Structures are given as C-alpha cells and as structure tokens.
1. Confirm whether C:Ser102 is away from chain A (no Cβ under 14 Å) and not in a helix (DSSP H, G or I).
2. Quick check on A:Arg290: is it of a type in the set (Lys, Arg), within 24 Å of A:Asp194 (Cα to Cα) and over 16 Å from the mean Cα position of the chain (by Cα)?
3. Looking at (1) surrounded by fewer than 22 Cβ atoms within 10 Å (Cβ to Cβ); (2) in the same structural domain as A:Asn351 (by TED's automatic domain parsing), which is the one condition that is false for A:Asp47?
4. Filter segment C:278-312 down to the residues that are among the basic types (Lys, Arg) and either buried (at least 16 other Cβ atoms within 10 Å of the Cβ) or modelled with pLDDT under 80 (or both) and list them by number.
5. When the residues of segment A:216-231 are filtered to those that are surrounded by 20 or more Cβ atoms within 10 Å (Cβ to Cβ) and in contact with a Ser or Thr (Cβ under 9 Å, 6 or more places away or on another chain), which remaining residue is nearest to the other protein chains (Cβ to nearest Cβ)?
6. Which count do you get for residues in segment A:83-120 that are in a loop (DSSP other than H, G, I, E, B) and within 14 Å of chain B (Cβ to nearest Cβ)?
7. Just name the residue that is farthest from C:Asn192 (Cα to Cα) out of those in segment C:240-297 that are touching a residue at least 60 places away in the same chain (Cβ under 8 Å) and among the small types (Gly, Ala, Ser).
Amino acid sequence: MPDTILAPPPPPPAPEATLLDSNELVINMGPQHPSTHGVLRVILKLDGETVLGAECVIGYLHRGVEKIAENRTYQQFAPYVDRMDYVAAVSNGLGYCMAVEKLLDVEIPERAQAVRVILAEINRIASHLLWLGTHALDIGAITPVFLCFREREEALKIFEKYCGARLTTHAFRIGGLQYETHDTFEKDCLAFCDLMDEKLKEYHALLTGNRIWVNRTKGIGILNAADCKDYGVTGPVLRAAGEKWDIRKAQPYSGYEKYDFDIPTAENGDTFDRYMVRMEEVTQSCRIVRQAVEGLPAGPIKGKIGKVIKPPPGEAYVSIEAPKGELGYYVVSDGSLNPYRLRVRPPSFVNLGALDKMCRGSLVADVVAIIGTIDIVLGEVDR
Amino acid sequence: MANPINTFLLTDLLKGLWTTFKNQKPSLVVTEQYPRERPPVMERYRGAPRLNTHPETAETLCISCNLCALACPEQLIVVTSERNPETRRKDLTNFTYDTSRCMFCGLCEDACPVDALELTQDFEMATFTREGQIWDRQMLEEGPLPTEYRH
Amino acid sequence: MEELLSSPYLPPLVATLLIIALFPLVAGYMVLAERKVLADLQVRLGPMRVGPYGALQPLADALKLMLKEDIIPSGADKWVFWMAPVLSTFTALSAFAVLPLSDKFYVADVNIGILFILAMSSIGALGLILGGWSSNSKYSLMGSLRAAAQMVSYEVPLGFATVTGIMCAGTLSMQGIIQAQYERGVWGAFDNYLLMLIPTVLFIIAGTAETNRAPFDLPEAESEIVAGFHTEYSGFRFALYFLAEYAAIFVISGICVTLFFGGWLRPFPNVGFLETPLNVGLPVVLFAAIALACIKGATRQIITGFKLGMFGLAGAALLLAALFAVPVINPLIVGLFWFLAKVAVLVYMFIWYRGTFPRFRYDQLMDVGWKWLIPMSLGGLIVNSIAQMLARS
C-alpha cells in the first residue's frame, strides 16, 4: 500500500531508534469486516492501537444510480431511489418525488402531504432504530439490536400494510400517492408511537446510564460545529454539535410547518451527544406522527398530473431532512421523458468525509464507534 | 454518574441487567419459526406476479396492450400477441416475466388497465436455475406451486 | 489384575479419562446453554431445528467443525500455529485435575491445588498469544497483544481475591478450603461479617476478564478486530480454542464456587434439619420438574423422532430424580449436584453480562484493572485480614 494515500500524520516527537522500534501499522478495515456497515473499506494507519489516519475507500456497492436515471422515465426511476438509502426508502422517495414535482410545478393535495409526512417520520424512527441497534452492537452490546429490530418490525408492518413492500417501499408516486390509506392506518400509526415511547425507556435503561456505554461514547469522535460546516456535515451529527439546523424547520416542505416539534440539539458533538440527539428525534418524530394522524385531512391523494410525465426544460433542486442528514435531489430536464441529468446529494457520503477528522488520535475500538455514529448506509454512499 | 453511592453500588449496571432479565419471559419471544410458521402477508403485498383469467371462462383478461411492458423500469416483461382477423382484436400468445430482475415496484400493476397483471401475496419464488426465474404465460396464470418443506 | 485394581493411581486415572472424554460434550452443551440463554435475554428462541429445541446442536456443530477444511495461512509459523490451540486446551483441561467436583469425585487433592490452577490458567494465556502471533495477520496480532496485556493485569486482582479466600480458609488444598467453610459454618462469601463479599465480587469481575468474556472480551472483540487471536483459525483448531474458552469458564466458576460459595456443600451446611429437604427433596423435585417440562415440550413436537427424544430426556430426568431418592446413592452424588448447580448459576451470570453490557475499550480495561480492581482487592485483603485477626483474638 503506498504511503501517499494517507495524509501525513502530525509529526511525532522523534524517538530514538532501538531494536524494539516499531513501525506504523497499516491495516485494512473492510470491505469484509463485521462493523463497517456493509462494504466500506477503511485503511487505518495505526501506532499501536492509536489511529494516525483513516482513509475511506468506497465504491464497492456502486450501481450507477445517477446514470440509470438518465435512461428511465421519471416514474420508472422512482423505485431506484429506494435502493440508495435502503433503511430510509420512504424519505428517499419523498425527496425524489418532490424534486420532480417542483419541475412540473404541481400542487400536492393536503391529504397526500400529510400521509407523506407520517410515513417519512415512521421511516425516520425505523432508520434510527436500525442505527441504534447496529451502533450498540459495534460497541459490544449485543441485546439492543434485537430489541430494535423487534420495534422496527412494527414500522415495516405499517409500510407493508400501506403500500405492499417492507423495505424498498416505492410508497409515493410523482404527484401524490398511489395508494389510499388502509382502514387501520391511523390506529396502527398511533399504536406504533405509543409503543416507541414505551420501548425508548428500555433502550435508555440498557444504554444511556450504563457507565461502560458512557465511557465508550463520551468524548469520542468530536466534531464541532465549525468543522461540521467545513465538511458539509448535516443531520444529527451537525445538531449534536450545537447547530440548530433542520430542513424541516428551516425550509419546511410537505406541510411540516403545520406541526409542532422541537429540534433536539446537544453541545459537545461527540458520540454520546449524537446518540442522545437521535434518541430524542425518535420522540419528536412520534410527536409529528401523532399530530399528522389526528389532523389527517380528507380529500384527493393525487395532484393534477398526466399519465405521461414530461416536465418542461429546466432544473430543480430539492433537499429534505432524511434520517441521516440533508438529502438533496438535483434534476435537470431537457423536456423529454427521461431526466437529462440527476444528481443526488447523499447525506451519508458527505458525513463520511469527516471520518478521518473524527478518528485521528482515537483508538481502533473508537473507529467502529465513530463509523456507527455517523450512521452510514453504503448503498447511499456508493449509489 | 454524579452520585458516588450509585457509582459504587453499580446501580446503572444492575438496571441494565434487570432490563435484560425481564426480557426472558417466554411470552416476549418474537421469533417466527419459518417455514413452520408462515409470516402473515398483508393484503397489498407485492409478491409473485400473476396473470388473471376470467373466473368462469378461464380466458385471459389480458388485452395485450403492452402498457405493463412499457411501464416496467427493467423492461422485463415481453408481451407477444397476434391480431385475430375475426374480432380485429389482439390475442395474447405469450407473456414472459423475468422475476429474477423484478424489483416488485408495482408499476406494471398500476399500468394495467384491465387488472390482468397483479402482484400477489406469494413470496416463495426460489428456483434452482436462472431459467426457472423467467415465467411464461402458463406459469403466470397458474401461479407458483406452494412450497412444501420436509424436515 | 488385582494389583492393578488396588493401585492408588487407578481412581485418578479413571477420573482424568472421564473428564477428558466428557468435557468436550459438556463444553458443547455450555455453548448451547449460552446460545439459549442469550436468546432468552434477547427475545429470541435460539437453536430450534437440530433435535428437539436444538438439543443436538452441539453435536452438529462439532461434526461441522471437524469436517471443515483446516486452513493454515501461507505466512503462518506452522508449528506454533499448530501448537497454540493445543496448549490452550491442555492447560485449561489440566486445571480440572484439582477441581473438587465433589467430596467423592476428584482427580487429586494436592496441597497446592489452587496455586496449580492459577499457574495453569496463566500458561493458557500463552496459547492465545502464540496463536495470534503465529497467524501472521494484523488482526490476530492485535488480538493476542490485547490478550497478553489483559491477562497480565487481571491476574493480579484475581490473585489478591484468591489470597483473601485462602487466608479465610487457612489452606491451599481445594478440599481443605471447602472443609474449612464447613467448619466455620458459613460460605466464604459471607464470612468475616460479610466483608468477604468484596473479594467475591472482585473475583467474579476479574474472572470474567481472565476468561476473556464480555464485557472484557477484547482479545476477540468481533466488531473491532474481526475475531481477534483466532481470526485465522478454522475447523478443528478453532474448536479447540472454543473448548479451551469454555473449559476456562468452567474452571474459573469452579474456583469461585470452591473459594466463596462452599464448593460441594449444600446451602446452610450446618443446619441439620435442612438436610433432607435440600439434599433429597430439592434434587428430586427439580429433576421431576424437568421431566414434566420435557413431557410437556414433547407434546408440542411434530416430528416423531424429536418427540421420542423429548420422552427420552424426560425418562433420564426421572431416573436422576429416582437416584437422588435412593438413600444409598444420594450421598455419593449430591455433592456433585451442588457443585454443578452453583457453577451453572455462575455460568448463567457470565452469559447474562454478555447479553447486557457493551464492551470496554482497551485503555478503559486497563484503567479498571489497575486503578480500581487492584486497589480494591488489596483493600479487601487488608480489611479481611484485620477482621480475621480480631475474630481470632
């Protein structure tokens, strides 16, 4: 492995060369590794167990999603976006549909907007649950992952009941919704919120107070607000650094301005703060879902939109607050049936850029904690 | 961890131990023993495709309009038909559906104007060959055989 | 022939062979128990498909491991790679030589019993270090370095806690320690006005670390260094490491039970009227209940073979219950029953920790070891010796 791929570490105090003088150790973490969340490869430069530098090698899951978009019609591309951040497929679909709707300049009925918010928030909870489970597993607590999957199952059941798929949902269509809500939709969503409120206590009992958990997460992988902005980091990572930035509040979309919710923030920007922010976000998502379900308006579910979608030439950028951060879709239309160019701003990919900054000087065990706390999905990083 | 007594008595750790201990109640087990227990599949589930026939005459409902093939993002549907000289309508000759490439997005189902093509609740579609994944008209009309497991 | 039968070496030899032959099976079932208990803690079912309720899973696993290809990495030091798991297993099993399984069943009662076990478990660490080093893999090397540091630092508090226990008993012989607890009329853990609880807790914590169990499982921390020192091991050698790990758990639990929980003594060994209910009543009721549970479980099985297997288990449990009810046989086996029951409780606790706690980090582990456990175990030793002195004078 060439030495140049890693940025030079801060110069250590020149040691006296002895027989026991050890060299820096370069190890490959991944692409096959239990805790790199898929196929991330991190080249770690170590001094003993201290990390001198980390370099991410990505692309093992590259499928050319943006190129595929250029060869599909606007409707046909919608299922593909689910496969980028596959744990938050609904949010992905929402962003894409909104981008095309902006190009088309159509009005979305209120009922459709409310249902979109409900599903996107439930998806946020599901995504955070998966994050919590795997993050705890990385740090060595093996029980939360099963509890989280148990609760996530309930969220997936809501998706399955609503649109017929559990993971890659393809829940929304351009212009509104394809499916009318099922009979028990409201009841299911409220029951899920109640369940989450109750189960969150269990997670807190298992992790939040636990001294080992606190030791493993407090002060690890610190990224302050200024660095976050430099790296373009968004989402819970940014909010944990104290920046009150949430696109749902800053640039409300899909009727988020109607709901009353808080943006949880923290101060230190370390792993523990990110954990607390995400846990609090689950509570806030439950709040939004409750409000949206109670105020679910009647009416049509699809806007005025033709069978063939042919947006006028132009371009549109829409960003939404996905569970992992700012998810942006930039669509360029040349007036034909297919997008001329489609570009995705994936939050995981941008957030992963800060890995090296967060890892330096920590230990190998912290690297897995930091990869976990960024909350990456490799399908989205590599696209 | 402000309280030194709590720190010394390991209350935080005992709390976690108690949480996991409580979870041992047998009624809390959530494992489904597939295939002995089949997971309940929702009504709208998008699974194996089916080409519907008329329940009485057993004639296909498909009018060979090719809309499903056009809607499919993966272009995995091939509809072949020939024009019937008497009725001046297109008669379906074959309909192939490559389930190995299907992502069950449901766009074909949405496109069908006569509810002929439908994604059903069947989800056991594994075959031993790649060719077996390409379903023809007969397979689509009859549906996959229910899988039986022996143990 | 007669000479052979009357030889003083015969009983220890038979016991040794029995332990070597049976322990792999016991270890296999400890793995199954671990998987089942972990599953319970995690709202799962655990193995269910091989045999009724997964009862034959250990055999299937053992068969699989033996049939697997035995891979030696190309850059590995072949002899050391071959030696390391053998060394680990050998030392772990040899510690059984002095473990007082019951008042009747043990290999040897030597006057330095506990020293021998501590020495053997220290050599066991060498197996991990050599295995990790010889694999010629960076992950393995890191795992073995962690193992070395961890074992060295946790041996100290473990030693202090043991010394406290020995001091309380006044002998190094394992049988002698249990006898001493009988004479003092109280389990080691509750001796010296409950002050002995300090070394007991410390022993359990340090023992968890010594056996590389979660939350101290750094040498094989799978989410960090893949599988630690046995990353490159496969097949039967891997099985040997597994065997060594579970043997070590058994041995550490055995020492803990001997030192602090009265070994094969029943609870309240000096309260006479509890003799019949605890030594006869409890085992009989327990095994009868197990038999009932087996019969109830058998009715739920669909496959005939599994059903018969469950009935067989029920029969075996009933037979054991009957054995405990026979006055001639009861005194022979009740010691073993109590010892194994106490070990089982400790092993359950090991699994319980694993199911609950996150893993320590390398430096935190050292902090806990040197800054907390060692001073506390030293303090425990001093406090207990003062209490002992006051009690004697």
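1. Yes: the conditions hold for C:Ser102.
2. When the stated conditions are applied, A:Arg290 passes them.
3. Looking at each condition in turn, A:Asp47 falls short on (2).
4. Hits for segment C:278-312 are C:Arg300, C:Lys307.
5. It comes out as A:Arg216.
6. 2
7. Filtering segment C:240-297 for residues that are touching a residue at least 60 places away in the same chain (Cβ under 8 Å) and among the small types (Gly, Ala, Ser), the one farthest from C:Asn192 (Cα to Cα) comes out as C:Gly297.
Residues checked against (1) in contact with a strand residue (DSSP E or B) (Cβ under 9 Å, 6 or more places away or on another chain); (2) more than 19 Å from C:Leu265 (Cβ to Cβ):
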{"position": "C:Ala125", "(1), (2)": "no, yes"}
{"position": "C:Leu128", "(1), (2)": "no, yes"}
{"position": "C:Leu141", "(1), (2)": "yes, yes"}
{"position": "C:Ala148", "(1), (2)": "no, yes"}
{"position": "C:Trp187", "(1), (2)": "no, no"}
{"position": "C:Thr211", "(1), (2)": "no, yes"}
{"position": "C:Pro219", "(1), (2)": "no, yes"}
{"position": "C:Ser223", "(1), (2)": "no, yes"}
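The values are calculated or read from the model by the stated rules, or taken from the named source; none is laboratory data. On a predicted model such as this, the values are computed, not experimentally measured, just so you know. No Cβ is skipped: glycine too gets one built from the backbone with ideal geometry, and neighbour counts run over all protein chains shown.
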